[in-house]
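Working notes, structure below.
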Amino acid sequence: MSVVNTKKLCKAYQLGSFNLSVLCDIDLEIEQGQYVAIMGPSGSGKSTLLNLLGCLDKPSSGKYFLDGKDVSSLDDNELSLIRGNRIGFIFQSYNLINQLNVIENIELPMYYQGMSESKSAARARELAAKVGLGDRVKHRPFELSGGQQQRVAIARAIANDPVIILADEPTGNLDSASGADILSILDDLHQQGKTLIVVTHDEEIASRTQRIIHLLDGRIEREIHNGN
Amino acid sequence: MLLFRLKHTIELGAKSLWMHRLRSSLTILGVVFGVCSVIAMLAIGEGASRQAQDSIEKLGSRNIIIETVKPPEQQKDSGNVEKVRNYGLTYSDAESIRNTLKSVEVAVPVRIISQAARYNSRKVAVNVLGTVPWYEEVSSIKIIDGRFLSAIDLKHQLAVCVVDEQVARKLFTFDDPIGLDVKIQGYYYRVVGITGKSVDSEMTDAFSDSKVVSKSNGGVIGNIYVPITTAKCRFSEFSFQMSGNSRNAERVELQKIIIKVGSNEEVLPTRDVLDSLLSRLHKKQDYRIVVPLELLRQAAQTRRIFSIVLGSIAAISLLVGGIGIMNIMLATVSERTREIGIRRAIGARKWDIIIQFLSETLMLTLVGGILGIVLGTFIPFLVTHFGHMPTVITPISLILAFGISVGIGIIFGLYPACRAANMDPIKSLRHE
Ligand SMILES: Nc1ncnc2c1ncn2[C@@H]1O[C@H](COP(=O)(O)OP(=O)(O)OP(=O)(O)O)[C@@H](O)[C@H]1O
Ligand SMILES: [Mg+2]
């Protein structure tokens, strides 16, 4: 069964009397464990699509089945719950919370799911070690490099063992060396069977994935299936 | 579980507040002053009303006090002739009251003469009160040594006296006054008893405090009680004053008549009868009727108004504090828009966000409330110490102030918190 399944998904913004269609008729199916890249020129709707897939945004029309469940008509609380335990977000600008240290940042999604303190602390430690930050658990985000921050963000994204991991230009703010670190972590996640959807401008990143979806003006222009 | 969430929320709130130490402490200060002023105002109000209450109760709730007042000066028809003005209460007034009013249990005539009392080489200014043995029944004085005036003293016009504590201390210092003689206007009086501190037998105006009275009395330190019969034959009822080039003499028999009735209910009807009786007996308005019970009721009324006024002043300062909090929280929310977006993206419900910001506000107001209570219990002491005003801190005022500060936290924290919770996650994430 496909993890992501959209039917004629549309997103339009009402700007005064003018109806701006940002995404139109997106039919997308992504299988469990697939590694997918979304590409396209700026303004083509990549982030908008990712937000819809991540249940941060509601479609104007169309249906979205996440893990077999129709989420296009859920209310805010239910969507929050799904964001917390089904979806992991990785942002271009890391988006860690400044007043919290590494461990606390990683713990946060587990906290919102009501996990007990001892469990979440143990898991956060484990995840920090997994992304190579076992020795920096007490550091606050501004004491870390961009690459390190993004690794914390990845640890946070996978804390609740989500069904899909969404990354919006995860290496966009990084130099190539730390970008490569991040990409290898994503590769690892893929190896472990996670479903990954990555928005990128970078052909090289796209080439690591199994499938590249090109967006143009809010529509799927073409799809490329990579060999691997 | 719940405990953990609570701990987590508090920890998180504390961290965020700590990030903006200056801002948080300034906000707290607003609440501190608000709470503190509520407590201080209530304490001052309560202190003032208790004091009024106490002094009125000392006058006796079943008492009616008739005082001599100087009638308004009539236009003098003759220029500088020596002239005697007769006014005020008389012995016959006391007699008529005793005879005509059935509800009256006792009627106590009182003469007050300001004099110097001497013992050995010492001399103090006192009020000599000529009165009757049953004066005890209408006043709050207590005999602490010896006895009060007796019927025999009265009947035989004996030269005895009872001094109060202040006089005993000032005049006799280390000697035991009982059995000693005090000299007043050339006559000696044997001290037969000592009463407790007579705060202000002069005082019928419930709202002036004892210090003011003693100042206006020209250094009078206390009372000496003598039988009224003795006073009548030893002290002149005349007093002389120079005004302009005319010498005026005044004659006043009694300064006061204190009446006690059987019950509180009889006080007001008796007052009315008394009024009509005296207005028949006196052509001039040279007396005044004071009803402590009425004063007591007026005091209660005044106290209510006082409390309302003070309360609203304090409430306004709390309101200002509350608005300050709201202002800061709104600024905090918009400053942390991105953080809110992040939290929403990783699974926080609206409710979680509300709790987060509301608890931050509550922490500010709680800390402010506690500090306010500490400061607020301290300030009344300063007021009492330096301002010489009585203050009473009631537990209810502490609870009230604390409750209000928490209430302010919830009321003024709710709007910013809801605003935070209702922000669109995507827009918040884009926010810089
Ligand atoms: N809230 C909004 N109101 C109106 N238009 C919007 C809104 N959000 C996005 N858009 C429009 O939607 C279009 C797609 O935006 P989106 O952020 O998805 O582009 P993108 O493909 O991610 O671009 P980039 O590569 O620059 O990040 C843009 O033209 C943008 O102007
Ligand atoms: Mg984008």
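Spin-label model, B:TYR415 to B:LYS142: label points 7 Å out along the Cα-to-beta-carbon direction sit 5.7 nm apart.
Regarding segment A:1-93, what's the average projected area of the Cα-atom convex hull, expressed in nm²? Please list the in-between numbers first.
Numbers: hull surface 27.5 nm².
The Cα convex hull of segment A:1-93, projected and averaged over all directions, gives 6.9 nm².
Which residue, chosen from A:ALA157, A:SER118, A:ASN51, occupies the Cα position most advanced towards the positive end of the dipole of chain A, where the dipole is computed from +1 (Lys, Arg) and -1 (Asp, Glu) charges on Cβ about the Cα centre? Toward the positive end, the furthest listed residue is A:SER118. Taking label points 7 Å from Cα along the Cα-to-Cβ direction, B:VAL106 and B:LEU6 give a separation of 6.1 nm.
When Rg and the Kirkwood Rh are both derived from Cα coordinates, the Rg/Rh ratio for segment B:254-307 amounts to 1.06. Spin-label model, B:SER121 to A:ASN173: label points 7 Å out along the Cα-to-beta-carbon direction sit 9.4 nm apart. Taking only C-alpha pairs under 8 Å that are 6+ residues apart, what is the relative contact order of segment A:1-105 in percent? About 29 percent, as a whole number.
Take chain B, mark every one of the chymotrypsin sites (Phe, Trp or Tyr not before Pro) that falls in a DSSP loop and has at most 15 other Cβ within 10 Å, then report the longest stretch left between them, sites excluded. The longest such stretch corresponds to B:208-432.
Averaging 1/r across all pairs of distinct Cα atoms in chain B and inverting the result yields a Kirkwood radius of 26.8 Å. Short to long, the 5 Å bins of the Cα pair-distance histogram for segment A:2-225 hold 1, 7, 15, 19, 19, 16, 12, 7, 3, 1, 0, 0 percent of all pairs.
Hey, got the dipole for segment B:281-432? About the Cα centre, +1 on K and R Cβ, -1 on D and E Cβ, debye to the nearest 20?
For this selection, approximately 380 debye.
Helices meeting the span-like rule in chain B (full DSSP H runs, Cα extent of at least 18 Å along the helix axis, mean Kyte-Doolittle score of -1.0 or higher): B:2-19, B:21-59, B:264-281, B:292-335, B:350-387, B:395-421. Dipole size of segment A:2-225 about its Cα centre, with +1 on Lys/Arg Cβ and -1 on Asp/Glu Cβ: approximately 340 debye, rounded to the nearest 20. Secondary structure note: in the protein assembly as shown, about 65% of the DSSP beta bridges are antiparallel.
With all pairs of different C-alpha atoms in the average, the Kirkwood value for the hydrodynamic radius of the protein assembly as shown is 32.7 Å.
Working from Cα pairs under 8 Å separated by at least six residues, relative contact order for chain B is 30 percent. For segment B:100-184, taking Cα atoms only, Rg and Dmax work out to 14.3, 49 Å respectively. Counting Lys and Arg as +1 and Asp and Glu as -1, what is the net charge of the other residues whose Cβ lies under 9 Å from the Cβ of B:GLU105? Charge balance in the 9 Å sphere: +1.
Run the numbers on segment B:332-350: which residues show a drop of 40 Å² or more in accessible area, chain on its own versus all protein chains together, using a 1.4 Å probe over heavy atoms? Those residues are B:ARG338, B:ILE342, B:ARG343, B:ARG344, B:ALA345, B:ILE346, B:GLY347, B:ARG349. Computed with every protein chain present, the accessible area of A:LYS63 is close to 90 Å² [probe 1.4 Å]. A 20 angstrom limit on the alpha carbon distance is what I want to check against. Which of A:LYS69/A:LYS119; B:LYS58/B:LYS102; B:LYS170/B:LYS197; B:LYS123/B:LYS183 exceed it? Beyond 20 Å between Cα atoms: A:LYS69/A:LYS119; B:LYS58/B:LYS102.
Tell me the angle of helix A:176-191 to the major Cα principal axis of chain A, expressed in degrees between 0 and 90 and rounded to the nearest ten. Roughly 80 degrees, rounded to the nearest 10. If you take the Cα centroid of segment A:161-203 and the Cα centroid of segment B:326-371, the two points sit 32 Å apart.
Would you mind getting me the FRET efficiency between B:ASP275 and B:ASP54? Use the beta-carbon distance for r and R0 = 35 Å, nearest 0.05.
On the way: r = 27 Å, r/R0 = 0.78.
Efficiency, from the Cβ-Cβ distance: 0.80.
Each Lys and Arg adds +1 at its Cβ and each Asp and Glu adds -1 at its Cβ; summed about the Cα centre, chain B shows a dipole of about 1020 debye.
The values are calculated or read from the model by the stated rules, or taken from the named source; none is laboratory data. Just so it is clear, the structure is predicted and the values come from calculations on it, not from any experiment. Because the Cβ atoms are built from the backbone with ideal geometry, glycine has one as well, and the counts that use them run over all protein chains shown. Keep in mind that these areas ignore ligands, DNA and RNA; they rest on the heavy atoms of the full protein, side chains included. Shrake-Rupley method; radii C 1.70, N 1.55, O 1.52, S 1.80 Å.
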